Structures are given as structure tokens and as C-alpha cells.
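The values are calculated or read from the model by the stated rules, or taken from the named source; none is laboratory data. The shown structure was predicted, so the numbers you read here are calculated from the model rather than taken from an experiment. Counting neighbours? That spans all protein chains shown, and the Cβs are built from the backbone with ideal geometry, glycine included.
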Amino acid sequence: MRAEPFVCYRPRPDRVQDFASLPYDVFTREEAREAVSKRPRSFLAIDRPETAFDPSHDMHASDVYEKAASLLADRVADGTLVRDGEPCYYLYRLSGDGHEQTGIVAAFSIDDYESGTIRRHEFTRPVDEKDRADHIATTGCQTGPVLLAYRDDPTLSTIVAAATTATPLYDFADAEGLHETVWRVNRPAAVDALRTMLALVPRAYIADGHHRAAAAACVRRSLHEAHGDTMGAPGAEPCDYLLAVLFPESQLVTLPYDRVVADTAGLAHEELLARLAERGFAVGEPTEVPVRPTDALHYGLFLGGSWHELAWQGEVPQSAVGKLDVSVLQDQVLSPILGITDPGRDARIRFVGGQPDASTLEPLAGECGIAFALRATPVTDMMAVADEEGIMPPKSTWFEPKLRSGLFIRPILGGAAPHKT
């Protein structure tokens with residue numbers, strides 16, 4: 001795998017706490033607007049530039065992306081962002097609530113992404129992919145890192161551990177209380193050691209950021225088509241790489257991604273429970289205690305004010321994607337019993353991610369709806385699906401903590417500074 005050091009813009013240490021922000025895709029349009037109103041100088045204002053316009057304004061209009069470029073240039077001009085002129089690797093640690101994970105920030109080859117060395121497990125939505133591609137193309141920068149996972153390598157872990165004994169570039173608690181630490185790796189010997197070890201990683205897996213990766217590849221194709229005669233050989237241009245952070249699989253944490261359905265598809269509660277039993281589920285006795293399963297193919301069901309434990313006792317598919325908890329629920333319950341054949345588009349279903357406490361589902365289901373509490377999808381299951389070139393159902397994995405945006409802003413147009421359009 002090819003992963004290179006890179007030149008970037010980054011916030012000044014005395015402004016990083018106010019500038020770093022959660023990624024663009026964890027906010028609704030209304031939530032992003034409110035967050036920017038509270039922290040107008042955070043990177044979110046650049047990541048979600050529609051917040052500078054009236055709510056009725058088309059959030060995908062060209063002037064919205066031009067606003068992002070203008071704000072980015074302003075942050076360079078006022079000194080919020082400084083340029084690291086020499087190519088560097090960075091190490092990025094996130095810690096909180098007893099958890100810690102440390103990843104390598106690098107520019108990863110888009111050729112590896114397109115060949116499958118960097119593996120994916122989700123479809124991307126064209127409108128969302130175009131949004132990020134337009135943001136990259138207009139600002140001239142990759143601004144949000146992709147989260148990658150790899151199977152643990154002791155030697156690489158030793159190199160990373162040694163590098164984190166140095167004085168950090170950043171060490172702060174962000175607006176959400178997450179502790180973030182960043183080290184810069186710029187000594188030639190250390191850079192060469194990391195590059196050599198990264199080249200030996202056989203493959204990486206996109207854990208979060210499929211649209212960012214697809215957008216980077218889209219912009220790269222467009223630039224090569226438009227300027228092919230004047231560009232270098234494949235792999236020689238900044239646009240041939242995507243910004244990502246690579247973490248060992250053992251350090252990543254997934255949280256549950258639950259389902260809430262607005263109604264019972266006309267079935268009485270007793271009839272619904274009987275249908276579940278007919279399909280092959282063992283249905284537990286009702287309880288007031290929320291059920292958060294920990295075993296594979298077990299589910300918590302909230303219906304009519306009570307919880308039941310469901311255990312799948314039917315045949316288990318052999319494919320990596322077919323045996324996922326989310327797949328069995330979709331194939332055996334949501335589609336045949338509740339009529340939700342396209343969960344990505346059906347307005348009756350709602351996905352609730354990142355909530356360990358299953359009781360939070362109760363008010364969402366209410367008296368008329370149903371909630372399904374699932375265990376968190378293991379990272380190893382995600383890797384197995386990707387290795388089989390499978391596609392997971394929508395909203396199958398929720399990784400926590402989320403990588404912050406704005407810490408590393410990577411120009412893709414020959415290292416030029418962000419500029420006003």
C-alpha cells in the first residue's frame with residue numbers, strides 16, 4: 001500500500017481548540033446552522049458553507065462552495081491556518097471515556113482505492129458524493145480525513161509508539177470534551193521508517209468516509225481529464241492521493257446502529273410476535289428492562305411499551321454480509337413482515353446510531369411504532385464483508401469517536417494556498 005507524507009495547512013496551536021470540529025455528515029442542516037452560530041470560527045463553517053445562507057438557499061449551489069473557498073482563504077490570511085511546507089506524516093490520538101486510539105495521518109494512493117487494496121463496504125449516494133467533490137474542487141483542498149482500518153502489525157505499532165514519546169504538536173480537549181493529541185513526524189529517518197512499514201500493509205479498509213474517498217477519486221479523474229497533457233505520471237500529483245487516518249483494527253470501537261419503525265404494518269402486537277416466531281425467532285417474555293444484545297443474531301424488540309429478546313434460530317447464511325445481524329433483521333423481519341424492502345429510501349424507518357442505552361429508543365418508537373436494538377457490528381465483520389467484496393446494508397456501522405475535521409487541510413493543486421474565488 002502506498003501512503004505518503006504530505007504538505008498541509010493546519011490551525012495554529014493557540015486556535016486549534018476553537019477551530020477543530022465534528023465532521024460535516026453528523027449534522028442535519030438545522031443542526032449545522034445552530035452549531036456554526038455558536039462557534040462561527042470553527043471549521044464547520046467551511047465544511048458546511050450553506051450555514052452562511054438563508055435556509056431556503058440551495059445548499060448545493062455554486063456560490064455555497066465558493067463561500068467555503070472564501071472562508072478557507074480568510075483563515076489562512078488571518079493566521080488561523082499555517083502551512084507545513086515540508087511533507088510530513090502525523091500521528092493522531094483520540095482519547096476519552098477510558099478509550100484511546102492512535103492513527104497515522106497520510107496521503108493514501110487513490111490507485112490503491114480503485115484497485116481494492118483500500119477496500120470499501122458501502123454504496124455511495126450520487127448527490128452526497130457530488131457535494132464533497134464540489135467542495136474539494138472549489139476549495140482546492142481535501143479537508144476531511146477518511147477513517148481507515150488495518151489488521152494489527154506489531155512492528156508498525158512499535159514505530160508509532162516510539163514517535164508518540166516526542167513533544168506533541170497539539171494536545172487539547174475539544175468542544176465535545178474529547179482529548180486530541182497530534183504529533184508531527186518529519187525527521188527523514190522516521191519518515192522513511194513509516195513509509196517502508198506502510199508499504200508492507202497488504203490492505204486497508206474504509207471504516208468511515210466512503211463519500212469522502214469517492215469524491216477524492218472523482219476530483220482526481222476530472223483533473224486528469226481536463227489537464228492530462230500538463231500533469232505528471234500517475235501517482236505524481238497531489239490529487240492522486242486522498243487524506244486519511246489509518247488505525248489498527250484492535251483500537252477501533254463500534255457502537256450499535258438501531259432501527260425504529262413508525263408502525264406495525266397493520267399487525268396487532270400479538271400477531272406480530274407470532275409472525276416473528278413463525279419466521280424462526282425465539283421470542284422472550286415481555287419485560288420493562290431495555291434489551292441490548294451482546295450475542296450475534298440476538299435483538300432487543302420494543303413493542304407496545306414492553307421489551308422482548310429475539311434470538312434467531314433459523315438457518316444462518318454463509319456469506320459474510322448475509323450473516324450480519326443487520327442483514328438477518330432486514331431479510332427476516334423488516335422486509336417480509338413490515339414491508340420495508342428498501343431501508344435506504346423508506347420513510348417509515350429511522351436509524352439511530354451511537355446510543356449504547358437502548359432505553360433512548362422507547363420515546364422514538366412511542367405507542368404505535370417498533371424499535372429494534374442491535375449489538376454493535378464488530379470491526380472484523382466489516383473487514384470480512386469487504387474481503388468478499390460485499391456491500392453492507394445501510395447504516396450498519398457506527399464508529400466512535402468521530403475523526404475531527406480541520407486539523408489537516410491538504411491542497412491537491414500543486415500545494416497552492418487556498419484562495420478566494
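Just a few scattered comments:
- Selected residue [among the charged types (D, E, K, R), buried (at least 17 other Cβ atoms within 10 Å of the Cβ) and part of a helix (DSSP H, G or I)] from R93, R75: R75
- Yes/no for L361 being surrounded by 20 or more Cβ atoms within 10 Å (Cβ to Cβ), assigned to a loop (DSSP other than H, G, I, E, B) and not β-branched (V, I, T): no
- Exclusive hit being of a type outside the set (D, E, K, R) and free of Cβ contacts under 8 Å to residues at least 24 places away in the same chain, set G366, G300, G304, G339: G366
- Candidates G406, G390, filtered to the one that is assigned by TED's automatic domain parsing to the domain that holds Y150, within 19 Å of the chain's Cα centre (by Cα) and in contact (Cβ under 8 Å) with a residue 40 or more places away in the chain: G406
- Residue match in the range 366-387 (condition: small (G, A, S), at pLDDT below 95 and surrounded by 15 or more Cβ atoms within 10 Å (Cβ to Cβ)): no
- Of all residues in the range 51-62, those satisfying the criterion of being touching a helix residue (DSSP H, G or I) at 6+ places or on another chain (Cβ under 9 Å) and surrounded by fewer than 21 Cβ atoms within 10 Å (Cβ to Cβ) are A52, F53, P55, H57, D58, M59, H60, A61, S62.
Residues checked against (1) within 21 Å of L267 (Cα to Cα); (2) among the aromatic types (F, W, Y); (3) out of contact with any helix residue (DSSP H, G or I) (no Cβ under 6 Å at 6 or more places or on another chain):
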position: P293; (1), (2), (3): no, no, yes
position: E315; (1), (2), (3): no, no, yes
position: K323; (1), (2), (3): no, no, yes
position: S327; (1), (2), (3): no, no, yes
position: E367; (1), (2), (3): yes, no, yes
position: A373; (1), (2), (3): yes, no, no
position: V379; (1), (2), (3): no, no, no
position: G390; (1), (2), (3): no, no, yes
position: K395; (1), (2), (3): no, no, yes
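- With respect to the conditions (1) out of contact with any strand residue (DSSP E or B) (no Cβ under 6 Å at 6 or more places or on another chain); (2) part of a helix (DSSP H, G or I); (3) touching a residue at least 60 places away in the same chain (Cβ under 8 Å), Q17 lacks only one, and its number is (1).
- Selection of the range 23-82 for residues being of a type in the set (F, W, Y) and under 21 Å from R410 (Cβ atoms) yields Y24, F43, Y65.
- When L273, L267, L252, L246 are checked against the criterion of being in contact (Cβ under 8 Å) with a residue 12 or more places away in the chain, surrounded by 15 or more Cβ atoms within 10 Å (Cβ to Cβ) and in contact with a helix residue (DSSP H, G or I) (Cβ under 6 Å, 6 or more places away or on another chain), a single residue qualifies: L252.
- Residue within the range 196-219 that is touching a residue at least 40 places away in the same chain (Cβ under 8 Å) and of a type in the set (S, T, N, Q) present: no
- Residue match in the range 213-225 (condition: farther than 30 Å from A3 by Cα and not basic (K, R)): no
- Against the test of being under 19 Å from the mean Cα position of the chain (by Cα) and in contact (Cβ under 8 Å) with a residue 40 or more places away in the chain, the options L72, L44 yield a single qualifying residue, L44.
- S405 meets the conditions (1) more than 22 Å from Q251 (Cα to Cα); (2) buried (at least 21 other Cβ atoms within 10 Å of the Cβ); (3) not β-branched (V, I, T) in every case but one. The failed one is (1).
- Looking across the range 328-358, the residues that are outside any loop (DSSP other than H, G, I, E, B) and within 20 Å of the chain's Cα centre (by Cα) come down to R350, F351, V352, G353.
- Note on the range 240-295: residues that are touching a strand residue (DSSP E or B) at 6+ places or on another chain (Cβ under 8 Å) and under 30 Å from A217 (Cβ atoms) amount to 16.
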